[in-house]
Amino acid sequence: MAGMSLDLSKYVDLFLSEGREHIAELTEALNEMETTPSSEDAVAAAFRAVHSIKGMAAAMGYTVVTERANAMESALDSLRRGDAQVTPSLLGHLIDEADELAREIEAAVIQPVPEAVDGAAINPAPVATAAPESARKVNTHVRVRASRLDALMNLVGEIEIARGRMERDLARINDEQLASSFESASRLLHELRDQVIGARMVPVGQVFERFPRLVRETARTLDKEVDFTLDGADIELDRTILDRIGDPVMHLLRNSLDHGIEAAAERERDGKTLRGRLTLSAQREAGYVLIRVADDGRGIDRERVLKRARELDLVDHDASSLDDVALLRVLAHPGFSTASSITDVSGRGVGLDVVDAAVRILGGTIEIKSVTGRGTAITLRLPLSVAIVRSLVARVGEELFAIPFTHVLETLALEPPASALDGDSWTTTEISGSEVGVVVLGRLFGLQSHVSERMQGVSVLARGRRAALVVDEFVGQQDVVVKRYDPPLEGSPMFSGATVLGDGSPALIVDVNSLI
Amino acid sequence: MSHTVLVCDDAVFMRTMLSDILQQAGFTIVGEADTGTKAVAKYKELRPDLVTMDIVMPDMGGIDAVREIVSFDPGARVVMCSAMGQQALVVDAIQAGAKDFVVKPFQPSRVLEAVQRVVG
């Protein structure tokens with residue numbers, strides 16, 4: 001195959017970052033061999049590390065590294081096969097060799113990449129416009145544990161809340177210097193937030209790239225002929241959001257294949273192209289990412305939906321038709337499904353309601369456009385980022401509230417003191433020998449809440465002080481996505497944000513600091 | 001529609017280089033695996049037209065992985081990737097069901113030759 005060339009300069013950074021990782025693995029393995037000479041796993045790990053380095057160096061044409069790695073590989077191979085034993089002197093030698101290897105890897109990338117020996121065309125890479133110092137600045141990637149990115153985002157969420165509180169407190173103080181210092185700090189926090197959000201952004205292609213295959217297979221199972229297009233795979237989305245919309249999007253694709261796109265024969269009768277068209281696209285719009293699943297199938301059967309909606313009492317009985325907004329509202333109703341036969345693709349009762357719930361939890365919305373006979377387009381409008389706060393969810397009266405875990409010490413059953421039973425919203429009581437403030441949330445929030453002799457409470461800590469918040473009952477705990485909340489202008493606000501819970505109910509996030 | 005490939009190698013570097021070579025020639029990379037166990041699992045999930053398999057991998061080696069894949073799907077098309085000096089293992093790989101092999105470091109022409117011959 002003539003004319004094929006491989007531009008090795010593209011791989012220099014990867015060689016360096018992977019090379020360093022393999023050196024780290026090698027060093028760890030050799031250390032293990034020092035403490036546990038009989039460890040077969042350590043020998044195997046050392047072998048693999050050196051083997052990988054050899055492979056990469058050979059591919060790059062770095063002969064010095066290749067030769068040293070090769071020699072080490074032979075030694076480790078003998079150990080691996082039991083032809084030699086791990087002795088202190090052999091181990092010392094391998095450790096020295098590993099150090100040399102590490103140095104040679106760093107040095108190799110500073111020299112120009114040599115031409116290949118065997119005639120395959122390689123573009124010689126002028127590696128770094130190398131600084132005289134041997135340390136070369138490389139645009140290396142770093143591996144970060146996903147949980148750390150989540151922790152960072154959590155912190156950003158908390159910082160946002162704290163910053164908002166400071167802003168309100170500062171508004172009461174008339175100090176220009178303080179205000180200006182705060183503004184600088186605020187701007188920096190905002191930038192930090194942007195950077196963290198940026199670090200969490202991944203191209204949607206990472207999750208969407210598996211769909212073409214799945215669509216092909218599903219189409220085959222359903223005996224449908226479909227051309228599938230994926231647009232905007234490099235549009236970026238917060239990784240948490242992307243993780244959580246993968247399944248809903250697949251569900252929408254399955255719906256289009258199952259209910260939307262008609263069999264080839266039917267399409268032909270209707271004068272359509274034999275092959276159906278299914279598109280998954282991602283695009284940016286202001287502060288959102290729009291993910292769209294569109295097909296040119298038969299469109300949603302509004303008559304059937306209307307009929308079923310009447311059966312379920314979801315619409316007025318004299319409603320004669322459903323516009324797009326009403327259609328969405330009906331379809332998104334939990335448990336709604338018009339499937340007349342259960343195909344194993346769509347399942348029973350799993351409908352748009354699941355997708356809708358998933359999107360709403362993330363702070364997004366869905367839009368439907370459907371034209372009978374022409375097709376359906378469902379658009380998910382998703383925010384660019386999520387601030388997530390793990391919270392306890394409690395019911396007070398008829399309302400639900402989220403109490404961030406950062407403040408929660410424990411839940412307990414309380415006997416509210418007499419003053420609370422009488423109607424106070426604030427009082428004190430004794431818990432485990434110390435005096436603790438008691439806040440009856442039902443009274444404080446002005447909600448219909450009956451205070452009885454035994455109530456549920458959560459012990460919280462804020463500003464160094466303990467208090468017990470009295471609620472009606474605990475509903476559970478979950479990660480709660482913080483949406484902006486503009487508090488009333490006067491008085492100290494009791495809530496730091498708003499959210500939508502997993503079941504779609506709205507809940508206010510209690511600002512524990514301001515309650516105590 | 002282009003042929004689909006599952007690329008198996010425990011080194012990111014190798015997977016990247018090989019994927020680039022194949023993509024430039026019009027193949028579609030549908031998955032990657034860095035252990036033999038994952039290679040088998042991904043094969044069953046993705047059913048690619050072609051697999052490239054490294055010999056030395058942690059957890060389950062490439063030759064065992066080929067054996068399992070071929071026993072699951074006798075029509076599986078696997079091209080073995082071996083480092084220079086592993087000729088004996090290449091024989092094992094062929095006996096386990098691999099259809100061809102390429103030697104590392106990759107020469108693009110040789111890789112594509114082997115791959116084209118295997119997918120037919």
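The values are calculated or read from the model by the stated rules, or taken from the named source; none is laboratory data. Note that the coordinates shown come from a computational prediction; the quantities given were computed from them, not determined experimentally. FYI the Cβ positions are ideal-geometry reconstructions off the backbone, even for glycines, and counts take in every protein chain you see. Remember, those area values only see protein heavy atoms, side chains included, never the ligands or the DNA or RNA. Shrake-Rupley method; radii C 1.70, N 1.55, O 1.52, S 1.80 Å.
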Subject >> Matching residues, the stretch B:57-73, being touching a Gly at 6+ places or on another chain (Cβ under 7 Å) and surrounded by 14 or more Cβ atoms within 10 Å (Cβ to Cβ) >> reply: B:Met57, B:Met60, B:Gly61, B:Gly62, B:Asp64, B:Ala65, B:Val66, B:Arg67, B:Val70
Subject >> Spans of strands (runs of 3 or more DSSP E) in the stretch A:212-298 with at least 3 residues under 30 Å from A:Gln195 (Cα atoms) >> reply: A:236-238, A:276-285, A:288-295
Original post:
For A:Leu149, which of the numbered conditions (1) aliphatic (A, V, I, L, M); (2) modelled with pLDDT under 75; (3) farther than 24 Å from A:Leu26 by Cα fails to hold?
Top reply: (2)
Original post:
Which residue pairs have Cβ atoms under 7 Å apart, sit 6 or more places apart or on different chains, and have a first residue in the stretch B:62-83 that is farther than 18 Å from A:Gly55 by Cβ and of a type in the set (A, V, I, L, M) and a second that is open to solvent by 20 Å² or more (accessible area, probe 1.4 Å) and in a loop (DSSP other than H, G, I, E, B)?
Top reply: B:Val78/B:Lys99
**OP:** Check A:Arg163, A:Arg193, A:Arg168, A:Arg187 and return the single one that is under 24 Å from A:Val510 (Cβ atoms), modelled with pLDDT of 80 or more and not in a loop (DSSP other than H, G, I, E, B).
**Re:** A:Arg193
**OP:** Could you tell me which residue of the stretch A:1-50 is farthest from the other protein chains (Cβ to nearest Cβ), considering only residues that are without any contact (Cβ under 8 Å) to a residue 60 or more places away in the chain and β-branched (Val, Ile, Thr)?
**Re:** A:Thr35
Subject >> Which numbered condition B:Val51 misses (of (1) open to solvent by less than 10 Å² (accessible area, probe 1.4 Å); (2) closer than 23 Å to A:Val215 by Cβ; (3) more than 13 Å from chain A (Cβ to nearest Cβ); (4) part of a helix (DSSP H, G or I)) >> reply: (4)
**OP:** Could you tell me whether any residue of the stretch B:65-73 is in contact with a Ser or Thr (Cβ under 8 Å, 6 or more places away or on another chain), at pLDDT 90 or above and away from chain A (no Cβ under 11 Å)?
**Re:** yes
Subject >> Residues satisfying the stated conditions in the stretch B:88-107, i.e. in a helix (DSSP H, G or I), within 18 Å of B:Leu50 (Cα to Cα) and either within 14 Å of chain A (Cβ to nearest Cβ) or touching a helix residue (DSSP H, G or I) at 6+ places or on another chain (Cβ under 8 Å) (or both) >> reply: B:Ala93, B:Ala96
Original post:
Are any residues in the stretch A:197-221 within 16 Å of the chain's Cα centre (by Cα) and either under 19 Å from A:Gln283 (Cβ atoms) or surrounded by fewer than 20 Cβ atoms within 10 Å (Cβ to Cβ) (or both), and if so, which ones?
Top reply: A:Ile197, A:Gly198, A:Ala199, A:Met201, A:Val202, A:Pro203, A:Val204, A:Gly205, A:Gln206, A:Val207, A:Phe208
Original post:
So is B:Val115 in contact with a strand residue (DSSP E or B) (Cβ under 7 Å, 6 or more places away or on another chain), within 12 Å of chain A (Cβ to nearest Cβ), β-branched (Val, Ile, Thr) and closer than 24 Å to A:Ala46 by Cβ or not?
Top reply: no
Subject >> Scan of the stretch A:222-231 for residues that are within 13 Å of chain B (Cβ to nearest Cβ) and crowded, with 17+ Cβ neighbours inside 10 Å, ordered by number >> reply: A:Val226, A:Phe228, A:Leu230
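Filter the stretch A:51-64 down to the residues that are touching a residue at least 24 places away in the same chain (Cβ under 8 Å), hydrophobic (A, V, I, L, M, F, W, C) and within 12 Å of chain B (Cβ to nearest Cβ), then identify the one that is nearest to B:Gln107 (Cα to Cα).
My answer is A:Ala59.
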Original post:
Is one or more of the residues making up the stretch A:340-361 open to solvent by 20 Å² or more (accessible area, probe 1.4 Å), modelled with pLDDT of 80 or more and over 20 Å from A:Asp258 (Cα atoms)?
Top reply: no
**OP:** Mind counting the residues in the stretch A:233-250 that are open to solvent by less than 30 Å² (accessible area, probe 1.4 Å) and either over 21 Å from A:Leu362 (Cβ atoms) or away from chain B (no Cβ under 14 Å) (or both)?
**Re:** 9
Original post:
Restricted to the stretch B:74-87, and to residues that are of a type outside the set (A, V, I, L, M, F, W, C), assigned to a loop (DSSP other than H, G, I, E, B) and within 14 Å of chain A (Cβ to nearest Cβ), which residue is farthest from the chain's Cα centre (by Cα)?
Top reply: B:Gly85
Original post:
Going through the stretch B:1-42 one residue at a time, which ones are more than 9 Å from every other protein chain (Cβ to nearest Cβ), in contact with a Phe, Trp or Tyr (Cβ under 7 Å, 6 or more places away or on another chain) and either assigned to a helix (DSSP H, G or I) or open to solvent by less than 10 Å² (accessible area, probe 1.4 Å) (or both)?
Top reply: B:Val5, B:Leu6, B:Leu18
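Considering only the stretch A:71-91, state which residues are of a type in the set (Gly, Ala, Ser) and under 30 Å from A:Val12 (Cα atoms). Steps first, please.
Narrowing the stretch A:71-91 to residues of a type in the set (Gly, Ala, Ser): A:71, A:74-75, A:78, A:82, A:84, A:89.
Correct list: A:Ala71, A:Ser74, A:Ala75.
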Original post:
Checking B:Ala76 against (1) more than 17 Å from B:Leu22 (Cα to Cα); (2) open to solvent by 20 Å² or more (accessible area, probe 1.4 Å), which single condition isn't satisfied?
Top reply: (2)
**OP:** Assess whether B:Val90 counts as being open to solvent by less than 50 Å² (accessible area, probe 1.4 Å) and within 10 Å of the chain's Cα centre (by Cα).
**Re:** no
**OP:** Mind counting the residues in the stretch A:32-79 that are surrounded by fewer than 23 Cβ atoms within 10 Å (Cβ to Cβ) and basic (Lys, Arg)?
**Re:** 2
